[in-house]
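The values are calculated or read from the model by the stated rules, or taken from the named source; none is laboratory data. A quick note: this is a predicted structure, and the numbers were derived from the prediction, not measured. Cβ placement follows ideal geometry from the backbone for every residue including glycine, while neighbour counts extend to all protein chains displayed.
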Amino acid sequence: MKALRNKLDQLRKPFEKGQKLEKFAPAFSAFDTFLFVPNHTTKKGAHIRDAVDLKRTMVTVIIALLPALLYGIYNTGYQYYIQTGSPFTFIDAFIHGAWKVVPMIVVSYVVGLSIEFGFAVYRGHEVNEGYLVTGLLIPMIMPIDIPLWMVGISTAFAVLIAKEAFGGTGMNILNPALTARAFAFFAYPTYMSGNKVWVSEASSVDGISGETILGNLAAGNQVNYSFMDMFQGAIPGSIAETSALWVAVGALILILTGIGSWRIMVGGILGAAIMGLLFNLWGANALMSFSWINHLVVGGFAFGIVFMATDPVTAAQTNKGKWIYGILVGIFCIMIRVFNPAYPEGVMLAILLMNVFAPTIDHYVVNGNIKKRQKRWATAQNLKTA
Amino acid sequence: MELIKAIQTRRGAQLKLKGAAEKALSTAPPSSTFALHPDDFFGLTPKLSVKEGDKVKKGSPIFFDKKNPDIIVVSPVAGVVDQIQRGAKRKIEAIIIKASSKQEAIKLKIDGKKGDADHIKHLLQQGGMWPFIQQRPYGIVANPSDTPKAIFVSTYATAPLAIDYDFTLQHDQEDFQKGIEVLNHLVETPVYLGVSKSSPGFFEQIQHVNHYSISGPHPAGNVSFHIQEICPLNAGERVWTVNPEDVVNIGRFFSSGEFSGQRTIAVCGNGIRQPKYFVTSLGVELAPLLENVGKAHDNIRIVNGDVLTGNRVSANGYLGYFNTVVTAIPEGNHFRMFGWLPFKDNGVLSLSNTSFSRLFGSKGFDVDTNLNGEERALVVTGEMEKVFPFDIFPMQLLKACLVEDIEKMEALGIYEVVPEDFGLIDYANTSKLEAQDIIRKGIELMIKEVG
């Protein structure tokens, strides 16, 4: 450990102030601080600081994502083997899935991190850790057979337009991972919807067809999955969205560590459940009569509300605002699903829509506090003049 | 004791630190020099009344505020002005006074019968006692020409390793009562006196005050919070605050006519071998005190004040004007391999649930000055509110201060806070944002633009 530290201190020399590679210091720091929490001490303000930092926060989110990711990898193989009818073991399915998913993750990280490092060097700030999560989320919400170059382009679009154009980490309006998906969705619709994209190799092997449950419902077809299938996630869909069970494990990690907002999650589930229930009562089409509890476990709703809607930068920032934001995400998600057959999955658009409105929600919540104060001032003024 | 209000909060955090002082009052070793730092008085522009080599008595004016010459800071000791230390742009940093062996004091004649506010104010100014009275908004020395809406004294201290006033002022009850009577002449409603709900101590026997009780974790002891709960500040209003020991000092001044600058301090922290309480005076040398308690580490940082809000001071520095603790903690200039992994390094005190530290340290934590990460953009939301009991949106106020939007700062409650109230936010926030610094600059801007 000591030797490694010494080596790093030695390697750092050309990056120090006034040295040749000074400009690239943020890039070097990113690697250095990945290995060691730096020896920086407090300069002003409080003399002691909490052990938590942004790296720890982001790594916690990644840990929360892992159960859903691992299950998604397995489910990729599982869907493939079930459809082709060939016998397989757990390991086979997992290997097949990993063979498809890992390259997507690599592409997403390489493209996104290159841009992040580039901007950090260009703007002369440290590399923010936010992309560690975004870079993992992007492949997790894509269909399995999307070509790698599309993953790359969507990632580049998201990082450049949704994030850096707004000033980088902490300033963006839209969730970058969802922006990547929305970009792919509108730019390459044939790779993002239909019945040939959700199961591995569906387009090249005859006989495989896998429509998502929501797609089936939108097309007016029957659904042959039980609630337990949908809950466990052995259904076709985007890579890691299918299993409500493993998403719930992630949600538990986020809530217990305090990293993810439980207010948004509970609000979202409430909103979706109420909306689903109302549509159940109405029951005009297959999607409307689809039980509200099933609405909560199919498609990307669970994944979206737990991992995407809770992105603290793009969600509402006040506690009251988080409730309103979460409930509205839930309501809009089910509404888009039911009313718009072209977008059987509503959660992506619902969250992006609410991302745009989150500052407005906060504005009114904060204004409540301001109004209260101004009213108090006005009463004090009246008392004085009276 | 009749309470006008029982303030309660659950938002905040009580940081458990090792190195609390043992509850026994020691006499401080003698100090050969004393110092006054104009920086201890936020917002004051000093104008010197003395020059190097001048002889002074205890109570002789040393400097006054350029903008308000009635605010006079006097010498806590008789002796010779030894040195006037200046920094960049000839800014006065410290006035060092060498104590002489013969102690003489300026003695004012106090007529106990005269009780009008102007007379009392005049005496306090002449005696150099006025700077003990602080004003909200802004946390600056009060303007003698104002009439405050209320005066607040809080005896409930919640900061890490804070002293217990019931213990430190145990022999001063009479002077405390006297000080309260004096302050009562300056306001219409009697002084608001905050006491701890669980252990109010002798303060519950104090007469002619409005008692209120407080319970809850830090920063529940901060006066700003009490003011907001009991008589919130509106634009243009003034509330005065006085520290408990300064109430004692004021009481003593009115009995004797001599300046009194008693400080009962705790020299504590995990950088100290034998933390102790000392009865001493403001402005004393720290070196003899530190020698008495002993260092527990080679490389320690000495803080005038508590670890959240204090100022760094060198080992041969001096006790500040207002602080009641001197804390020493080891410097944390070390690396931690993979220290960012959740649930690793649980020995580092943390309020976050990404560490098990809260499950362990029932005996308190050894803390150091490591930043535990690097400064980042503001990402995480909701964490500031958890340690901020005020009816104020802390992050929004900080952002308003950062962009210097005066109207918004006013609307979001800048008048109701002082930098100290953001100490825990400094400590707890993930992005290592310097919240106190931002608020301090915001308040400076308000003083400049609004006044």
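Tabulated values for the structure
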| item | result |
| --- | --- |
| Of all residues in the range A:289-347 being among the small types (G, A, S), outside any helix (DSSP H, G or I) and within 14 Å of another protein chain (Cβ to nearest Cβ), the one that is farthest from B:A377 (Cα to Cα) | A:A309 |
| Pair list, Cβ < 6 Å and 6+ apart or interchain, from the range B:325-344 residues that are within 7 Å of chain A (Cβ to nearest Cβ) to residues that are among the small types (G, A, S) | B:I329/B:G269; B:I329/B:G271 |
| Residue count for the range B:369-416, restricted to those that are more than 23 Å from A:A316 (Cα to Cα), in contact with an Asp or Glu (Cβ under 8 Å, 6 or more places away or on another chain) and surrounded by fewer than 22 Cβ atoms within 10 Å (Cβ to Cβ) | 2 |
| Residue within the range A:43-58 that is more than 9 Å from every other protein chain (Cβ to nearest Cβ) and under 17 Å from B:V379 (Cβ atoms) present | no |
| Flag if B:V279 is among the aliphatic types (A, V, I, L, M) and surrounded by fewer than 16 Cβ atoms within 10 Å (Cβ to Cβ) | yes |
| Criterion (of a type in the set (V, I, T) and either within 14 Å of chain B (Cβ to nearest Cβ) or surrounded by 23 or more Cβ atoms within 10 Å (Cβ to Cβ) (or both)) met by exactly one of A:T190, A:T242 | A:T242 |
| Search result, residues across the range B:259-288 that are farther than 17 Å from B:P29 by Cα and out of contact with any helix residue (DSSP H, G or I) (no Cβ under 8 Å at 6 or more places or on another chain) | B:G269, B:N270, B:G271 |
| The range A:232-249, residues that are outside any loop (DSSP other than H, G, I, E, B) and touching a Ser or Thr at 6+ places or on another chain (Cβ under 8 Å) | A:Q232 |
| Scan of the range B:367-383 for residues that are of a type outside the set (S, T, Y), under 30 Å from B:A20 (Cβ atoms) and out of contact with any Leu (no Cβ under 8 Å at 6 or more places or on another chain), ordered by number | B:D368, B:N370, B:L371, B:N372, B:E383 |
| Subset of the range A:314-339 [closer than 16 Å to A:A272 by Cβ and among the polar types (S, T, N, Q)] | none |
| Residues of the range A:279-292 satisfying the condition of being of a type in the set (A, V, I, L, M, F, W, C) and surrounded by 15 or more Cβ atoms within 10 Å (Cβ to Cβ) | A:F279, A:A286, A:L287, A:M288, A:F290, A:W292 |
| Search result, residues across the range B:353-385 that are facing another protein chain (nearest Cβ under 7 Å) and within 24 Å of the chain's Cα centre (by Cα) | B:V367, B:T369, B:N370, B:L371, B:E385 |
| Scope the range B:391-405; condition farther than 18 Å from B:Q228 by Cβ and either outside any helix (DSSP H, G or I) or hydroxyl-bearing (S, T, Y) (or both); matching residues | B:V403, B:E404, B:D405 |
| Only listed residue being away from chain B (no Cβ under 13 Å), surrounded by fewer than 17 Cβ atoms within 10 Å (Cβ to Cβ) and modelled with pLDDT under 85, chosen from A:K20, A:K2 | A:K20 |
| Any hit, the range A:56-77, residues being assigned to a loop (DSSP other than H, G, I, E, B) and either within 30 Å of B:S355 (Cα to Cα) or among the polar types (S, T, N, Q) (or both) | no |
| The lone exception for B:V50 - which of (1) without any contact (Cβ under 8 Å) to a residue 60 or more places away in the chain; (2) in contact with a helix residue (DSSP H, G or I) (Cβ under 9 Å, 6 or more places away or on another chain); (3) part of a loop (DSSP other than H, G, I, E, B) it fails | (2) |
| Condition met for A:H295 (surrounded by fewer than 22 Cβ atoms within 10 Å (Cβ to Cβ) and either under 30 Å from B:E237 (Cβ atoms) or touching a Cys at 6+ places or on another chain (Cβ under 9 Å) (or both)) | no |
| Count of the range B:260-305 residues which are within 14 Å of chain A (Cβ to nearest Cβ), within 23 Å of B:E420 (Cβ to Cβ) and polar (S, T, N, Q) | 2 |
| Of all residues making up the range B:18-41, the number that are farther than 20 Å from B:T327 by Cβ and part of a loop (DSSP other than H, G, I, E, B) | 3 |
| Subset of the range A:207-227 (residues that are modelled with pLDDT under 75 and of a type outside the set (A, V, I, L, M, F, W, C)) | A:G207, A:S209, A:G210 |
| Top-ranked residue of the range B:286-310 - restricted to ones that are without any contact (Cβ under 8 Å) to a residue 24 or more places away in the chain and in a loop (DSSP other than H, G, I, E, B), ranked as farthest from the chain's Cα centre (by Cα) | B:D298 |
| Checklist (1) charged (D, E, K, R); (2) in contact with a helix residue (DSSP H, G or I) (Cβ under 8 Å, 6 or more places away or on another chain); (3) modelled with pLDDT under 90 applied to A:K322, failing item | (3) |
| Unmet requirement for B:G261, which otherwise passes all of (1) in contact with a Leu (Cβ under 8 Å, 6 or more places away or on another chain); (2) without any contact (Cβ under 8 Å) to a residue 40 or more places away in the chain | (2) |
| The range A:101-134: number of residues that are surrounded by fewer than 21 Cβ atoms within 10 Å (Cβ to Cβ) and among the charged types (D, E, K, R) | 2 |
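For every residue, the table says whether it meets (1) surrounded by fewer than 18 Cβ atoms within 10 Å (Cβ to Cβ); (2) at pLDDT below 95; (3) not assigned by TED's automatic domain parsing to the domain that holds B:I7.
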{"residue": "B:K113", "(1), (2), (3)": "yes, yes, no"}
{"residue": "B:A117", "(1), (2), (3)": "yes, yes, no"}
{"residue": "B:G127", "(1), (2), (3)": "no, yes, no"}
{"residue": "B:T147", "(1), (2), (3)": "yes, yes, no"}
{"residue": "B:F152", "(1), (2), (3)": "no, no, no"}
{"residue": "B:P160", "(1), (2), (3)": "no, yes, no"}
{"residue": "B:F176", "(1), (2), (3)": "no, no, no"}
{"residue": "B:I180", "(1), (2), (3)": "no, no, no"}
{"residue": "B:E188", "(1), (2), (3)": "yes, yes, no"}
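Residue-by-condition table, conditions (1) hydrophobic (A, V, I, L, M, F, W, C); (2) farther than 28 Å from A:N75 by Cβ; (3) modelled with pLDDT of 95 or more:
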residue	(1), (2), (3)
A:I146	yes, no, no
A:G152	no, no, yes
A:F157	yes, no, yes
A:I161	yes, yes, no
A:G170	no, yes, no
A:F186	yes, no, no
A:S193	no, no, no
